[in-house]
Amino acid sequence: MSDARPAVEQVQAAFTQAITEVCAAHGIPMLRVKKQDLPTVAHFLHTNPGFRGSLSLLWAVDHRPREARYELCYLFTLAEHKDWLLLVTDLHGDEREFPSITPHLHAAKWYEREIRDLFGLIPVGHPDLRRLVRHEHWPKGSYPLKKDFPWDRVLGRVQGEYAFRKIHGEGIFEVPVGPIHAGIIEPGHFRFSVAGEPIMQLEVRHFWKHRGVEKLFEQQQLNEAVPLSERVSGDTSVGHSLAYCQAVETLQGVEVSPRARYLRTLFLELERLHNHIGDVGAICNDTAYALAHAHCGRMKEQLMQLNDRLTGSRFLRGVNCVGGVALDLSGLQLAQVEVELNALEQDFSAIEKIVFANASLTERLENTGILTESIAWDHAVIGVVGRASGIDRDLRRDRPFAAYDMLQPKVAFYRYGDVRARMRVRLDEIHESIRLIREVRRSLPLGRLVSQPMHQPQPGAWALSAVEGWRGEILYVVMAGDAGLIHRCKVRDPSFVNWPAIQWAALGNIVPDFPLINKSFNLSYAGNDL
Amino acid sequence: MFRILKKSLQTGVVTGQHPAGAAPSEPLSQDAIEKAKPFRRSLTIREVDTGSCNACEMEMNALANPVYDVERFGVHIAASPRHADALVVTGPVTVNMERALKAVYKATADPKIVIALGDCAIHCGMFKGSYAVTGPVDRHIPVDVRISGCPPRPAEILAVLEGLRQEPATSKT
Ligand code: SF4
């Protein structure tokens, strides 16, 4: 991380009229911008070669009942500084409209539609104002994240149909898939427009699993919402709960002990490991190579059983708590982990050799589902998918959390952006995870597990936290409310960002390759739909 | 080829190498066992996710790995409800999935059994009461078997499926 001050001064100088306030929130420089100037400032940050800002998060807050005001917050990551910069704007009183930045920044597309669906605020100038989260059968005017919407309201059903994008031409037909799929996968709808075999257009329609997670957070106490964060996306229990805990800890001024930070690192890497190994097997399975799938399934199971022995949960639930970690590992347990992982690494390397010696398999991976660097950049793609497409970002290195500042993780990085590259990123990360766990064992300091809060946050105080989960950047914004409750919790799983990009990666590929491309992205539906 | 054989020989058989799961919290009802009678030797399952957190899905998937290898008990996972004898439903039933769940139930050929997997499917779990949730599952379709846990371990799911293969107790005459 470098100092963002020069960047802030430069933006301020370029837009003296537009900026009304400059301040910092927990070390993040924040510019309050007049509503009508937002698109220009955002465009400047995105395109100026000195910043190369990509939109990392866009969220809204309803400040009622304290103030009749909505706040819109745009978080940019400046590639040239590896730093964050926050633009904020307000809608006062009865104002419901704000200017859309989507015409300048593709990455804002789903965020703005989401805000429209959940808050009823209208992004004026947005090219696509169809519903996103609220499917067509939701009654008009039901905006669940508005403060006057009761969390347990029973919704009625109205008639309505979603209008898919159509393309016309001789021999073009549509293939609808989902929401319920053939395998054991989560529900989502894919609409392919094909000419013969090749995909001409893919439209993803999700949010079947919308459970109202963000509203449920608002019913919880700050200290008690960890179990809910573990259930946002079950396969990322550690990543989500860690991001949530860190945000609350910032709010309460908790200094987490080094031992707890090291243990958090260890659990996060264990989670990365079992998911990545499972994914490698699943990718092989979708090329019909059942042997590698069986071996990877066996190794994944071995890791899940290890998790169960260490923590009593195969998904490592219950390890994170606000202030630190809820359980300790003994020296003996750590030694066993290392022995087991050493054997597993050898075991896995042998499978890797078998897989890459199989030309009929590698042929399926190469040049399939290419996501180019420029599309990845336009859509601010992150995580495994980004690192396979030339986006060199990893929070473990760029904004170290937990104990990563002491461990110097190596970041996997490829440019070709096809299924093979995404597989390679995972393979590299598997070895790196095992190395990091060994490193944690070697340097695990002694100390307490849970640290106490310094103070309770004022209502309206908020904090942002970021964790590099196994899929990519997980972001949480937590704002404190009255009487220890949560006023607002914005959850952002990396899947929300990467789903729109899959529509581009599939173009020109044949339909039978889509499951393979989808597996190589392996995005969460639950984390996306919330 | 040699490498593959060597690896397989080194690995040996891993099936069954798992700790025993906890005993099911709700014993199988005689009705359920009776209903499962036609499928005792072969049970084909269609899995339906109605808004789970995806951990329950992962454990269902784990059943197919070489360690649990559910196929050895004649249990298959079907790609279509048309081919299924049983529906395994996970998740609290979201507003958006309600229609799809009912459609799948209708599409499944009779006779059929419905298994609610995980606390969400049984009583909506942490998502109970939310504006976006209309479950639990038995509000919409009749449920025969309940497997609790968050998520239930694969060994526990396996034990319940085993139970369904029992000979039904002969009714007193
Ligand atoms: S029961 Fe638990 S594991 Fe299963 S879907 Fe619900 S929250 Fe997830």
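The values are calculated or read from the model by the stated rules, or taken from the named source; none is laboratory data. Because the structure is a prediction, the values reported are computed rather than measured. Cβ sites come from the backbone with ideal geometry, for glycine too, and all protein chains shown count toward neighbours. Areas reflect the complete protein model, heavy atoms only, side chains present, ligands, DNA and RNA absent. Shrake-Rupley method; radii C 1.70, N 1.55, O 1.52, S 1.80 Å.
Points worth noting:
- The range B:14-54 versus the range A:454-524: alpha-carbon centroid distance in Å: 33
- When the residues A:Arg165, A:Arg69, A:Arg113, A:Arg438 are ordered by accessible surface, computed with a 1.4 Å probe over the protein chains alone, the sequence from largest down reads A:Arg165, A:Arg438, A:Arg69, A:Arg113.
- Calculated [θ] (222 nm, deg cm²/dmol) that DSSP helices of n ≥ 4 give over the protein assembly as shown, each run adding -39,500 (n - 2.57): -11000 deg cm²/dmol
- Toward the positive end of the charge dipole of the protein assembly as shown, with +1 on the Cβ of Lys and Arg and -1 on the Cβ of Asp and Glu, the farthest Cα among B:Leu117, B:Pro142, B:Pro66 is that of B:Pro142.
- Length gained on full extension, A:Asp328 to A:Asp94, computed as 0.36 nm times the residue gap minus the Cα-Cα distance: 79.1 nm.
- If you take the alpha carbon atoms of the range A:144-286 and fit the smallest convex hull around them, that volume is 180 Å³ per residue.
- Pairwise label distance in nanometres, A:Lys35 with A:Gln336, each label 7 Å out on the Cα-Cβ vector: 6.1
- Within 10 Å of each Cβ in A:209-221, the average number of Cβ atoms from other chains: 5
- Bins of 10 Å from zero: percent of alpha-carbon pairs in the range A:356-499: 10, 30, 29, 20, 8, 2, 0
- For the residues of B:127-137, the average number of beta carbons from a partner chain within 10 Å of their own beta carbon is 6.
- Carbon/sulfur fraction of accessible area - chain A, other protein chains in place, 1.4 Å, %: 53
- Heavy atoms of chains A and B lose about 4400 Å² of accessible surface on contact, summed over both sides with a 1.4 Å probe.
- Note that the range B:20-164 presents 37 Å² accessible area per residue, ligands and nucleic acids not counted, probe 1.4 Å.
- The lysine pair tally for chain B, using Cα distances under 19 Å and a gap of 8 or more places or different chains, is 6.
- Length gained when the stretch B:Lys102-B:Arg82 is fully extended (0.36 nm per residue, less Cα-Cα span): 5.8 nm
- Taking all protein chains as they are arranged and a probe of 1.4 Å, the heavy atoms of A:Lys34 leave approximately 80 Å² accessible to solvent.
- Think of the protein assembly as shown as having a plus end and a minus end, set by charges on the Cβ of Lys, Arg, Asp and Glu; of A:Pro103, A:Met200, B:Leu28, B:Leu28 sits farthest toward the positive end of this dipole.
- Quotient of C-alpha Rg and 2.2 N^0.38 Å, computed over the range A:5-124: 1.01
- Relative packing of A:469-478, A:278-287, A:409-418, which averages over residues the other C-beta atoms within 10 Å, highest first: A:469-478, A:278-287, A:409-418
- Among A:296-305, A:348-357, the peptide with the highest mean count of other Cβ atoms within 10 Å heads the list, and the full ranking is A:296-305, A:348-357.
- Considering only beta bridges that DSSP places wholly inside the protein assembly as shown, some 70 percent are antiparallel.
- Computed accessible area, A:Ser241, all protein chains, 1.4 angstrom probe, square angstrom: 0
- Inter-chain Cβ neighbour average for residues A:292-301, partner chain, 10 Å: 5
- Between A:Arg415 and A:Ser349, the C-beta separation translates, for a Förster distance of 30 Å, into a calculated FRET efficiency of about 0.80.
- Normalised per residue, the volume of the convex hull around the Cα set of the range A:213-499 (Å³): 117
- In the range A:300-345, the inverse of the mean reciprocal separation of distinct Cα atoms equals 11.3 Å; this is its Kirkwood hydrodynamic radius.
- Dipole size of the range A:5-124 about its Cα centre, with +1 on Lys/Arg Cβ and -1 on Asp/Glu Cβ: approximately 140 debye, rounded to the nearest 20.
- Enclosing the Cα atoms of chain A in their convex hull gives a volume equal to 146 cubic angstrom per residue.
- Among beta bridges that DSSP assigns inside the range A:213-499, antiparallel share in %, nearest 5: 100
- Cα-Cα pairs of the range B:20-164 separated by more than 22 Å (percent): 32
- For the range B:119-173, the fraction of 1.4 Å probe accessible surface lying on carbon and sulfur atoms is 49 percent.
- Maximal additional length on extending the A:Glu224-A:Arg157 stretch stands at 20.8 nm, based on 0.36 nm per residue less the C-alpha distance.
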